[in-house]
There are 2 protein chains.
Amino acid sequence: MNTLYGLSAVKGFRFAAIEAGIRYENRLDLSLIAADFDCVASGVFTTNKICAAPVRLSRSRINNPIRGIIINATNANACTGEEGLRNAMAITKSTAEALKVSETSILAASTGIIGVQLPCEKIVKAIPSLVNSLSRENGSLIARAIMTTDTVPKESSMRFTCFRGDFIIAGIAKGAGMIAPNMATLLVFLITDAPVAKNELDTIFSRCIDKSLNAITIDGDMSTNDTAIILSPEAEHQLTGKDLLVFEETLLAVLTDLAEKLVMDAEGATKLVRIFVKGARDDADARKIARAVSNSLLVKTALFGMDPNWGRIACAAGYSGAEVSEEQLSISFGDLCLLQNGVPQNPSREEMVRAMHEREIQITIDAGMGNGTFRFLTSDISYEYVKINAEYST
Amino acid sequence: MNTLYGLSAVKGFRFAAIEAGIRYENRLDLSLIAADFDCVASGVFTTNKICAAPVRLSRSRINNPIRGIIINATNANACTGEEGLRNAMAITKSTAEALKVSETSILAASTGIIGVQLPCEKIVKAIPSLVNSLSRENGSLIARAIMTTDTVPKESSMRFTCFRGDFIIAGIAKGAGMIAPNMATLLVFLITDAPVAKNELDTIFSRCIDKSLNAITIDGDMSTNDTAIILSPEAEHQLTGKDLLVFEETLLAVLTDLAEKLVMDAEGATKLVRIFVKGARDDADARKIARAVSNSLLVKTALFGMDPNWGRIACAAGYSGAEVSEEQLSISFGDLCLLQNGVPQNPSREEMVRAMHEREIQITIDAGMGNGTFRFLTSDISYEYVKINAEYST
């Protein structure tokens, strides 16, 4: 059993994924994460006012004892009205029946096309065989079964040791859209064998999401279906004190790893770009600058063109809403300084070419006015991005 | 003289444009609009905290009596610090000397690459010949000389008759970037022979800009160099009462025409898309929805792919910040309804193909909850857009 990794490494959980033919034939599209015991769950959901039926359902059940999460790809079950909600409920009901657990202990998530009703009957019919194929070894199937335009499954797990013992946190993610401000759905599911009290888990989870998934210009606000859920076993004796700090550190590391994998696989991207802002008036201002630069289409196309166009970065910083002043602004690509306190530097063409041809680039923006820092991850935008999104059709 | 059109149709103004070799040889890059008398000027400038030297200079002089505007293309004179400001001042000073008017009566505007110093000496040397070539007939040269990635010059003029007599308003514009949130510089210059008092002109101009240039997702906030200026002759007897209403109506019509021309020429665009929001809680909410949909990369790429993906539109409406509810939302492409009160309609494939193949498309979004309306213009995003912006290099 030592060879199990990813989700499968976490004791007490079983997994299954099948081809239910929801929208296409011959692809895994229906999957289930099942716990052998009641779990404490925390969830971070889209704040989009138009949100999918499974989001509404899961949000209403997130404080219950949870036994499973049923996930379908290829159809978002969003903008599907009452019928969509009834379908989501019917699917979780069938899952609960097959698992012999309470209906309200099942959460749901969907990703795919918006505005098309799920083939509910087909899915309900497939659920018994889904449940029958549950096995601890199937963990890695889930990461594959939730993919849409992702090119690789994304999975991460880390062990930690604390006063109470050895534990593991494992997670999977999908979401290869350009990510915010116009993201494709982001789905993240994490499980752990570390018992954490509900209130602690809620606080820690949202704090970690903020520093990881919300720092890749993935914005909880945006898609209709964004969902991040973590399950931790209900237990009498939960982690406390310093153990919780170790838990949080490990959870942040797993989420950061998933966040990097998401950006690495951004649709059509050729570069992973770390935007590091320092010297801002405060951390909130640093985040504003980092976000504006990360989201700038002109910056992203310049990165694709391998053009160290720091002017576009200064421009984005200027409209970010943060306090910035031209005279105090410095910008570097890697260790190559292009703007120093508002004065353009003139590195040689060779130095610039070298800096821009890396697969991973760090851009450092120093606002020169305080101690605020923030890191964002972003990617370039390529022909391929336009192609993918022009052709991903209704 | 009846054959004069555009800027040249406005009495009392003269124009010149020359090849000064600012960044490239053999292209018009330096131009001048000169008034034969003192003018009242109104200006709307970028609110970007990083703003170009000519913006700072023009903003500081906008309340003076104005005699001319000197404009250069190919270099934005932005992020150029003190030296940039000194250069802008030197250029307006030379222009004033050659025109034999006060230095502070000359405004300046620039567009082009950020962070590179202007070849100031070269420009100053070229100014006498620029001034020597001033002529009323040269109006159409200006629209051409201020272009960057624009593919066509943009000019518009309209006559109006009011109690005080017959007048004309003429304007030119450039700015073919994707426009906000990441626009290339927008420059708009208007002249009129209608005398309007400074305070009236300021109010009317900013109101008209808000309904035209600010409704094409061109955001005054964004570029470092955005500048819109209107000149009206100083006079003892200015337009009053209903005459001002006719003036405002005409000005809005000219600005709207320029705005449409800007979107039609958006970089790499293949479609002109009118986003009409109605039924919002109020006009402010309608604007939020229209702006979010207009700026959505996923909507824009779907339009390029001729995919009537109303799900992406609903999604953008949901995160716009406006009050929206799935159950009350309706979306149409042209007269083809795709979503009616939250219920997906299923027009035939042929109907959808027909609706999407038009060069101009109107998308109507009915929020179904009030009387708020707003119109935005946008365009699709194509491979060509990425190409242009990846290759427009430092």
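Annotation note: Cβ proximity below 7 Å between a residue of region A:186-201 that is closer than 25 Å to A:Ser140 by Cα and assigned by TED's automatic domain parsing to the domain that holds A:Ile168 and a residue that is of a type in the set (Lys, Arg) and assigned to a strand (DSSP E or B) (sequence gap 6+ or interchain) occurs for A:Leu187/A:Lys174. Residues of region A:56-76 that are closer than 17 Å to B:Gly342 by Cα and in contact (Cβ under 8 Å) with a residue 60 or more places away in the chain: A:Ala76 alone. Restricting region B:282-293 to residues that are away from every other protein chain (no Cβ under 12 Å) and of a type in the set (Gly, Ala, Ser) leaves a set whose member that is nearest to B:Ser348 (Cα to Cα) is B:Ala290. Quick check on region B:347-366. Is at least one of its residues at pLDDT 95 or above and either over 21 Å from B:Ala259 (Cβ atoms) or among the basic types (Lys, Arg) (or both)? So far as region B:347-366 goes, yes, one or more of its residues are at pLDDT 95 or above and either over 21 Å from B:Ala259 (Cβ atoms) or among the basic types (Lys, Arg) (or both).
Looking across region A:6-42, just one residue is out of contact with any helix residue (DSSP H, G or I) (no Cβ under 8 Å at 6 or more places or on another chain), within 20 Å of A:Lys174 (Cα to Cα) and among the aromatic types (Phe, Trp, Tyr), and that is A:Tyr24.
Pairing residues of region A:301-317 that are at the interface with chain B (Cβ under 7 Å from one of its Cβ atoms) and outside any helix (DSSP H, G or I) with residues that are buried (at least 24 other Cβ atoms within 10 Å of the Cβ) and among the basic types (Lys, Arg), at Cβ distances under 8 Å and at least 6 apart in sequence or on separate chains, gives no pairs at all.
Comparison of B:Ala235, B:Ala253 shows that the only residue that is in the same structural domain as B:Phe189 (by TED's automatic domain parsing), in contact with a strand residue (DSSP E or B) (Cβ under 8 Å, 6 or more places away or on another chain) and among the small types (Gly, Ala, Ser) is B:Ala253. A residue that is within 11 Å of chain B (Cβ to nearest Cβ) and either in a loop (DSSP other than H, G, I, E, B) or out of contact with any strand residue (DSSP E or B) (no Cβ under 7 Å at 6 or more places or on another chain) (or both) cannot be found anywhere in region A:271-281.
Once region A:245-280 is narrowed to residues that are small (Gly, Ala, Ser) and buried (at least 18 other Cβ atoms within 10 Å of the Cβ), the residue that is nearest to A:Ile168 (Cα to Cα) is A:Ala259. The number of residues in region A:220-277 being within 25 Å of A:Asn48 (Cβ to Cβ), among the polar types (S, T, N, Q) and at pLDDT below 85 comes to 2. Just one of (1) β-branched (Val, Ile, Thr); (2) under 22 Å from A:Glu83 (Cβ atoms); (3) touching a residue at least 24 places away in the same chain (Cβ under 8 Å) fails for B:Ile363. It is (2).
Does A:Ala53 fit the bill of being over 21 Å from A:Thr185 (Cα atoms), among the aliphatic types (A, V, I, L, M) and in contact with a helix residue (DSSP H, G or I) (Cβ under 6 Å, 6 or more places away or on another chain)? So A:Ala53 fails the test. Taking region B:61-91 as the range and being at positive phi and hydroxyl-bearing (Ser, Thr, Tyr) as the test, only B:Thr74 passes. Looking at region A:37-65, which of the residues that are among the β-branched types (Val, Ile, Thr) and buried (at least 22 other Cβ atoms within 10 Å of the Cβ) is nearest to the other protein chains (Cβ to nearest Cβ)? Result: A:Ile50.
The values are calculated or read from the model by the stated rules, or taken from the named source; none is laboratory data. Here the structure is a predicted model, which is why all the values come from computation and not from measurement. Neighbour counts run over all protein chains shown; Cβ positions are idealised from the backbone, glycine included.
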